[in-house]
Structures are given as structure tokens and as C-alpha cells.
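What follows is a short report on a single structure.
Readers should treat all values here as calculations from the given coordinates under stated rules, not as data from a laboratory. Just so we're clear, the structure is a prediction, and the values are computed from it rather than from any experiment. Cβ placement follows ideal geometry from the backbone for every residue including glycine, while neighbour counts extend to all protein chains displayed.
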Amino acid sequence: MQAMDGRRLAFPGAAKHGRAAPDAQRVAVIDSGVAPAHPQLAGYVLEAVDFTGEGLDDALGHGTAVALVAAFGDRRPQPEVALLSAKVAGRDGRVRKADVLRAIEWAAGRGARVVYLRLGFRGTRQEHAALCEAIRERWNVLFFASAVNIVPPAEIYPANCRVGNLHATWADPRARPQLRLAPNEVLGPGMATLVVE
């Protein structure tokens, strides 16, 4: 996905200005943040924290795209989620592992039952043992981690942690179907088509 101001993304057909129910499932997005005051997401974001020191804005658009898919991906008229946003990716796209570890602790401490980690670090299991252990220790939280789109394939963590509460999502750009997108559409996480307004 190309870098884009998160405020410009929208999930087609999803209503604006909705609100999370008090008993909604808490879902954390650990990424580039979720655009504050986003018309489709603002009422679903319970808390947001910035671990980069840049502020909550999502200059990359990736975190907002993940949040849109997490909230509206099943096309329900009223999403049954409450979002927690942890910004760990800066404007330049760099992510520090220490910030990811702090974000995992923050999200679990705020009651997240599902955590989206659509990011990854190259390396070995030994180099990323602390990251794998942080996920394993939160056995009552389901994590989704992206293996990132790298050709040739490489070991990416946390996707390669191989712990019971982690689901790795694999995407090979060579295997993607050819999609025809309108000029105002971008391909978001999980092959969801998002509209640029």
C-alpha cells in the first residue's frame, strides 16, 4: 500500500459517525496510528497512544487502513469492535522493536482481545525472542501478524514466532489476483479496497 494521509481513506459503504458499544470487543491496531477525527473511525477509537514522539496523525495511512478493515471488513452496519490505536511507525515508516513491545503491553493492559501487528522485522528467532515471548505470555489475546510482502521470502517476526495465540498472514505479491482499481481506490490490508476521498 502506498503512503497516504489516513484521513483520506474510507471503507466503501460504511457509515460515518458511528460509536462503539460499551461492551464491544476491544481490538488493538499496532501500526502507524489511526487518523484522529476520522469520520468512520473516531467513534470506535477508545484510546490512542503514540510511541514515536511524532503525535497521533497517521501520515502513512497504513494504520488507518488496518483499522478500517478491522472495524468494517465483515460489512456489518454496526461494527462490534472498540479500537485501541498504538502508533509505532513513524512518518518515515521506521518501527523500533522496543516500541512494539511497549505497545503490546499497553494493548493487553487495556483489555484488547485481538491485536493486529501488520508489521515485521527480518532476522532470526533468537534475535526476536523477546517479541515472541511477549506474544506468548499474553495467551488470552489473539494476535494477527503480517509476514510482509518480500520476495524472495524471508523470516519475518513476529509472523514466524510460532506461538499458539498468533496467526500469521502470508501474502506473496506474485500470487495476488489482478485487480482493476478506480483512480480513487487503493488496495488495503487483506485485499480490501478502500476509497480515497
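Side notes on the structure shown:
- Under 5 Å, built H, 5+ apart or other chain: amide partners of residue 114: 28, 142
- Among the GluC sites (Glu not before Pro) in segment 97-145, those placed in a DSSP loop whose Cβ has at most 13 other Cβ atoms within 10 Å are 127.
- Each residue in 124, 52, 169, 64 was given a count of other beta-carbon atoms within 10 angstrom of its own, and listing them fewest first yields 124, 169, 52, 64.
- This ranking places 104, 30 by how few other beta-carbon atoms lie within 10 Å of each, fewest first, which gives 104, 30.
- In terms of surrounding Cβ atoms within a 10 Å radius of their Cβ, 121, 143 rank from fewest to most as 121, 143.
- At most 13 other Cβ within 10 Å, DSSP loop - trypsin sites (Lys or Arg not before Pro), segment 24-131: 75, 94, 125
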